[in-house]
Amino acid sequence: MSTHPAVAELVTKMKKACAAHDNPDEIVTAVASAAKALAANKSWVKPEYFECDEVQGMGITILNEELDHSILVETVAWLPGRGVAPHDHQTWGVVVGIEGEEVNVNWQRLDDGRNPDFAELEIIEERQICNGDVVPLLPDDIHSVRNEGETTSLSLHVYGHALSSLERYEFDPINKIRRVCPQRKRRE
């Protein structure tokens, strides 16, 4: 995987933030400005980053993943009218809008978590994310995303660990179900 110099600079800043801080809140704060700067730059963005898998409603392009599955940097493109159910990440993360508009919904879990297949959620915030808008994510945060626009949207996603290496969860708030999050197709 050939890494654009601007992406490589972000990865270096992410590694420094991880070395300097143990607390995910502090890491997210340190990484957010660097991720926002990369999203504003756009010199590294390629047309193929907007290509989506029709079945999953999105396209994910890995820009950097360390061999030990730490420090993941990827773009996610969302087809109009598509999105994903509420889910967690089990790692810290930062999402930054690049192009188009996405609706990011933050959820709060109401149950005590003792039943592994049950989850009662409520919406606590809904935000329109556009170019340069930052969404900080902590390991236990639950959010969903949808593209209500008429064109494909694109966002930058950076995480403390590759999502494919973690057991994450997806939620069905109507039926109050928690299940293992499906693995999404990613390309390099």
Counting only residues that are at pLDDT below 95, within 30 Å of A40 (Cα to Cα) and over 14 Å from the mean Cα position of the chain (by Cα), the stretch 151-184 contains a total of 1
Can R179 be described as farther than 25 Å from T29 by Cβ, touching a residue at least 40 places away in the same chain (Cβ under 8 Å) and not in a loop (DSSP other than H, G, I, E, B)?
yes
Of (1) surrounded by 21 or more Cβ atoms within 10 Å (Cβ to Cβ); (2) assigned to a loop (DSSP other than H, G, I, E, B), R114 satisfies every one except (1)
If a residue has to be without any contact (Cβ under 8 Å) to a residue 60 or more places away in the chain, surrounded by 14 or more Cβ atoms within 10 Å (Cβ to Cβ) and in contact with a Gly (Cβ under 7 Å, 6 or more places away or on another chain) to count, how many in the stretch 44-56 make the cut?
0
Please enumerate the residues belonging to the stretch 151-174 that are in contact with a strand residue (DSSP E or B) (Cβ under 8 Å, 6 or more places away or on another chain) and part of a loop (DSSP other than H, G, I, E, B).
T152, A162, E167, R168, P173
Within the stretch 76-86, residues under 18 Å from E170 (Cα atoms), of a type outside the set (A, V, I, L, M, F, W, C) and surrounded by fewer than 21 Cβ atoms within 10 Å (Cβ to Cβ) come out as R82, G83
Expected single match for basic (K, R), more than 15 Å from R184 (Cβ to Cβ) and either modelled with pLDDT of 95 or more or touching a helix residue (DSSP H, G or I) at 6+ places or on another chain (Cβ under 8 Å) (or both) among R109, R82 is R109
At pLDDT 95 or above, β-branched (V, I, T), under 19 Å from E101 (Cα atoms) and more than 14 Å from the chain's Cα centre (by Cα) - does that describe any residue in the stretch 34-53?
yes
When you go through (1) at negative phi; (2) in contact with an Asp or Glu (Cβ under 8 Å, 6 or more places away or on another chain); (3) of a type in the set (S, T, N, Q) one by one for T29, which number turns out not to apply?
(2)
State which residue is nearest to L154 (Cα to Cα) when the search covers only the stretch 1-32 and only residues that are more than 16 Å from the chain's Cα centre (by Cα) and of a type in the set (G, A, S).
A6
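The values are calculated or read from the model by the stated rules, or taken from the named source; none is laboratory data. Quick caveat, the model's predicted, so the values are computed rather than measured. A quick note on method: Cβ atoms are made from the backbone with ideal geometry, for glycine too, and the neighbour counts reach across all protein chains shown.
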